[in-house]
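K.L.:
Sending over a structure as structure tokens; questions will come in a sec.
Bear in mind that the values in this text are calculations on the coordinates, not laboratory data. Computed from a predicted structure; not experimentally measured. As a convention, Cβ positions derive from the backbone with ideal geometry for all residues, glycine included, and neighbour counts pool all protein chains shown.
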Amino acid sequence: MKLDLGLTDFQRIVGRLPDFELKTEQAALLIVDMHYFQAHRDFGYGRKARELGLSHVIDYYYGRLEKQVIPRLQEVIPRFRDAGSQIIYCRVLSAKEDGSDFCLRYRSWGLKILKSSREAQILDEIAPQAGDIVLDKTTQNVFLSTNLDQILRNLGREYLVLAGVVTNNCVEAAARTAVDYSYKTFVLEDCCAAFSEEAHINALKSIHRNFGIVKNSAELMPHTTFEPVMLSAAKHPGIVPPID
């Protein structure tokens, strides 16, 4: 599938977000749910899929994370940090052992992710550093169960850059709410993943110029050179080719 981010007929009728340029010193980079439960194939969904004999169903997701998203975030996060952006991580975490403090959706899934568990930790490859902020959420939408909005306003951050998982759920939910709060929002398409290529691309199409601006890392930070990290889709069938 190809990601076409041209102006849609619907946007011609009802309107679209204006184009705006990122000011990194007034921005926060929000890394969504890149903790072991969500983003490592040996934990969470990956472990359950393996137990059910369904690993092939989510091979695309973990392949994209391992070969595209994580290596790119290893480059992107330090660049934003050095440019004066606030780095913020959010993760799904329950304060109660039985997960009863989670929203209905997560309770229905039987989620129980305690702070002391390995599943709650941000991936080692992109672990938070001094000065970064880590928010614990009990809902899909980070704005609903954390004080993210207050933090951004206290820090004077007008721009919000989103990355992480999954594109069509928690990332999209953050973008939809951010624009309602009038944040100038970007989504880094090469730093996000969904459980299928179709879900990923459809979410980006929905977001672009409606709830935020979709760009890849090189487009958003044009004076930064990023090393290519994507492997050949022919040799690695779990990997989606770069989207142009």
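K.L.:
What number of residues within the stretch 14-28 are part of a strand (DSSP E or B) and exposed (fewer than 15 other Cβ atoms within 10 Å of the Cβ)?
P.N.:
0
K.L.:
State which residue is farthest from Val69 (Cα to Cα) when the search covers only the stretch 103-130 and only residues that are among the hydroxyl-bearing types (Ser, Thr, Tyr) and not in a loop (DSSP other than H, G, I, E, B).
P.N.:
Within the stretch 103-130, the match that is farthest from Val69 (Cα to Cα) is Ser108.
K.L.:
State whether the residues of the stretch 180-191 include one that is under 17 Å from Ile70 (Cα atoms) and out of contact with any Leu (no Cβ under 7 Å at 6 or more places or on another chain).
P.N.:
Looking through the stretch 180-191, at least one residue is under 17 Å from Ile70 (Cα atoms) and out of contact with any Leu (no Cβ under 7 Å at 6 or more places or on another chain).
K.L.:
Does Ile113 qualify as being under 16 Å from the mean Cα position of the chain (by Cα) and either closer than 26 Å to Val161 by Cβ or not aromatic (Phe, Trp, Tyr) (or both)?
P.N.:
For Ile113, the condition - under 16 Å from the mean Cα position of the chain (by Cα) and either closer than 26 Å to Val161 by Cβ or not aromatic (Phe, Trp, Tyr) (or both) - is not met.
K.L.:
Given the stretch 132-205, what strands (runs of 3 or more DSSP E) lie entirely inside it while holding 2 or more residues that are surrounded by fewer than 19 Cβ atoms within 10 Å (Cβ to Cβ)?
P.N.:
Filter on the stretch 132-205 gives 133-137.
K.L.:
Further question on the same structure: Looking at Gln11, is it part of a helix (DSSP H, G or I), in contact with a strand residue (DSSP E or B) (Cβ under 6 Å, 6 or more places away or on another chain), among the polar types (S, T, N, Q) and within 23 Å of Ala199 (Cβ to Cβ)?
P.N.:
no
K.L.:
Now, a different point. Counting only residues that are surrounded by 14 or more Cβ atoms within 10 Å (Cβ to Cβ) and within 22 Å of Arg41 (Cα to Cα), which one in the stretch 100-110 is farthest from the chain's Cα centre (by Cα)?
P.N.:
Arg107
K.L.:
Go through the stretch 165-182 and give me each residue that's acidic (Asp, Glu) and farther than 13 Å from His200 by Cβ.
P.N.:
Within the stretch 165-182, just Asp180 meets the criteria.
K.L.:
Checking the conditions here, which among Glu125, Glu119 is touching a His at 6+ places or on another chain (Cβ under 8 Å) and of a type in the set (Asp, Glu)?
P.N.:
Matching residue, one of Glu125, Glu119: Glu119.
K.L.:
Let me ask something else. Filter the stretch 26-67 for residues that are among the hydroxyl-bearing types (Ser, Thr, Tyr) and in contact (Cβ under 8 Å) with a residue 60 or more places away in the chain; which is farthest from Gln129 (Cα to Cα)?
P.N.:
Only one residue fits best here, namely Tyr60.
K.L.:
Please verify whether Val76 is in contact (Cβ under 8 Å) with a residue 60 or more places away in the chain and either acidic (Asp, Glu) or closer than 17 Å to Val166 by Cβ (or both), treating the condition exactly as stated.
P.N.:
No; evaluated as a whole, the condition is false for this residue.
K.L.:
Would you tally the residues in the stretch 15-69 being closer than 17 Å to Thr185 by Cβ and in contact with a Phe, Trp or Tyr (Cβ under 7 Å, 6 or more places away or on another chain)?
P.N.:
Selection size over the stretch 15-69: 7.
K.L.:
With the structure loaded, tell me whether Thr167 is without any contact (Cβ under 8 Å) to a residue 60 or more places away in the chain, under 25 Å from Phe20 (Cβ atoms) and among the hydroxyl-bearing types (Ser, Thr, Tyr) or whether it fails that test.
P.N.:
For Thr167, the condition - without any contact (Cβ under 8 Å) to a residue 60 or more places away in the chain, under 25 Å from Phe20 (Cβ atoms) and among the hydroxyl-bearing types (Ser, Thr, Tyr) - is met.
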